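Since every read-out is calculated from the coordinates, none of them should be taken as a lab result. All of these numbers come straight from a predicted model, not from anything done at the bench. All Cβ positions, glycine included, derive from the backbone under ideal geometry; neighbour counts span all protein chains shown.
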Amino acid sequence: MDRWRDSDSDDYDSDYIAESSSGSDSELDIPQGGKVTASMFLKRDKNEDEEKIKEKKLNKKKQAKQKMKEDVEEEDEGAGWEEVKSSHSTEKTRVVFPKDTEINIPVILKKLHEILGARGKKGTDRTDQIEYLKDLRKISEKHNLGPAMSVKIMFNIIASIFDYNPNVATCMKPEMWKSCLDYVDELLTILNDNPTMTVGENIAEDAENLENAEGEGGYRIRGCILITIERADDEFTKMLQGCDCHSTEYVDR
């Protein structure tokens, strides 16, 4: 009797263990020959994942609406000003004039004096100064204000490039000197193409003639091309002195 009882008890225990093991495996979805990991004991909440996705989409919509609102506000703030674009570039110019302003030589001269008035002041960005002058020249040429106005602005662009480096003991950067040389070359071309144009350091600003080429003496502009070329030559010499004469950099320069 005990022998049969022990045998039945052993069979019952083994069946129970097998069923328990099988039930646990099915609940955990353990793959055949797989490995039990901690992630199998974690239940995923599908509703929670869907809520997170909806929340992300909602946040994106809010951000898009906010950006659109800010763009509209910026347009409203700049409604009273007109940004003058150059015909030479598709980029926006930095120089702005009041809306419906007639662009003529007095207006350009006034803006030129405003830009030059900030030169040397604390907080003035030298790179911005040069870019402002470049844009002003483009606007002048777009409105056909004549070669004299262009030459006057170019003299100031070259001077601003020379002033870019505040430390007179060091040489200019090669790219800045090359830019300066390009303007000097263009300036000489304009002067050669306009033989009635006179430039001189002794010409006072109030005695300039930037409008009428047929007037007495033709165009008259304050500036000295000789001093400009000499300064460019001096800066080139300093650039050569600033590098090893046995290096490839010296040969390149």
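Once the gyration tensor of the Cα atoms in segment 103-143 is diagonalised, the equivalent ellipsoid follows with semi-axes of 21, 12, 4 Å, ordered largest first.
May I ask which of Lys134/Lys238; Lys138/Lys238; Lys99/Lys142; Lys122/Lys152; Lys99/Lys173 have a Cα-Cα span longer than 29 Å here?
Exceeds cut-off: Lys138/Lys238; Lys99/Lys173.
Peptides 129-135, 189-195 ordered by packing proxy, namely the average of other Cβ atoms within 10 Å per residue, highest first: 129-135, 189-195.
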